[in-house]
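In what follows, a single structure is set out as structure tokens and then discussed.
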Amino acid sequence: MIRHIVLTKFKPGTSEDRIAEIYDGLSAVADRLEGAHGFTGGRSRSPEQIERGYMHGFTLDFDDWDALARYASDPAHQALGAQLVENAVGGIDGILVLDIEI
């Protein structure tokens, strides 16, 4: 299984409603793709407070690398990813992505 982890530094002024819209869209993409499951996302509430500006993130699990590739190439995912970049501090520089085999 692959765990897809995405952390985002959103621009000041990006509303929680806007962030929720993007995350809801990404969750909907995962719901319709074979091999994708378990979307979880939101704002950090960490008591450690060492997010370094990455206050929002999500995880999504994939059965295998092929399922992740289907998600990555999905047009709806690409459009929502562009919205993440548009709303992130510094564009793509405000986004971290990790894919870990678990």
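Condition check ((1) in contact with a Leu (Cβ under 9 Å, 6 or more places away or on another chain); (2) of a type in the set (Asp, Glu); (3) surrounded by 15 or more Cβ atoms within 10 Å (Cβ to Cβ); (4) without any contact (Cβ under 8 Å) to a residue 12 or more places away in the chain) across all residues:
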residue	(1), (2), (3), (4)
Arg32	no, no, no, yes
Gly42	no, no, no, no
Gly53	no, no, no, no
His56	yes, no, yes, no
Leu60	yes, no, yes, no
Asp63	no, yes, no, no
Glu86	no, yes, no, yes
Gly91	no, no, no, yes
Leu98	yes, no, no, no
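To keep it simple, each residue is scored yes or no on (1) among the aliphatic types (A, V, I, L, M); (2) under 14 Å from the mean Cα position of the chain (by Cα); (3) within 12 Å of Leu80 (Cβ to Cβ).
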position	(1), (2), (3)
Asp17	no, no, no
Glu21	no, yes, yes
Gly42	no, yes, no
Met55	yes, yes, no
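I'd like the residue in the range 7-27 that is touching a residue at least 40 places away in the same chain (Cβ under 8 Å) and outside any loop (DSSP other than H, G, I, E, B) and, out of all such residues, is farthest from Val97 (Cα to Cα).
Arg18
List the number of the failed condition for His37; all other conditions in (1) more than 12 Å from the chain's Cα centre (by Cα); (2) not in a strand (DSSP E or B) hold.
Exception for His37: condition (2).
No lab work stands behind these numbers, since they all come straight from the coordinates. Please read these numbers as outputs of a predicted model, since none were measured by experiment. Glycine also receives a Cβ, built like all others from the backbone with ideal geometry; neighbour counts cover every protein chain displayed.
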